[in-house]
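Student: I have a structure I would like to understand better, so I am pasting it below and will then ask my questions one at a time.
The values are calculated or read from the model by the stated rules, or taken from the named source; none is laboratory data. Treat the numbers as computed from the prediction; the structure is a model and nothing was measured. Please note: Cβ atoms are built from the backbone with ideal geometry, for glycine as well, and neighbour counts cover all protein chains shown.
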Amino acid sequence: MSKPNFSQLTRQELKSYIRQHPTDDEAIRELFVNRCSPDAKVFPPLSEMTKEELDNVFGQSMSS
């Protein structure tokens with residue numbers, strides 16, 4: 001069975017495929033790297049953030 005062309009799938013189709021094939025790195029890369037919004041906020045790893053930074057990040061996400 002051949003893989004679908006991930007760049008031609010809708011976001012919903014790609015998510016559905018990943019749910020059925022959770023170890024397919026190529027599909028995951030398409031969703032989370034290739035289709036990443038240029039305006040997306042990028043945060044450092046949680047282990048590198050201070051408690052205050054974590055409170056700010058999660059406090060903001062809870063209220064938006």
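Student: What residue, among those in the stretch 27-53 that are over 20 Å from ARG11 (Cβ atoms) and not in a loop (DSSP other than H, G, I, E, B), is modelled with the highest pLDDT?
Tutor: GLU48
Student: Let me ask another. Tally time: how many residues in the stretch 35-56 are within 17 Å of the chain's Cα centre (by Cα) and either surrounded by 10 or more Cβ atoms within 10 Å (Cβ to Cβ) or of a type outside the set (S, T, N, Q) (or both)? Lay out the reasoning, then the answer.
Tutor: To start, the set of residues in the stretch 35-56 that are within 17 Å of the chain's Cα centre (by Cα) comprises 35-46.
Then keep just the ones that are either surrounded by 10 or more Cβ atoms within 10 Å (Cβ to Cβ) or of a type outside the set (S, T, N, Q) (or both); that gives 35-36, 38-46.
Selection size over the stretch 35-56: 11.
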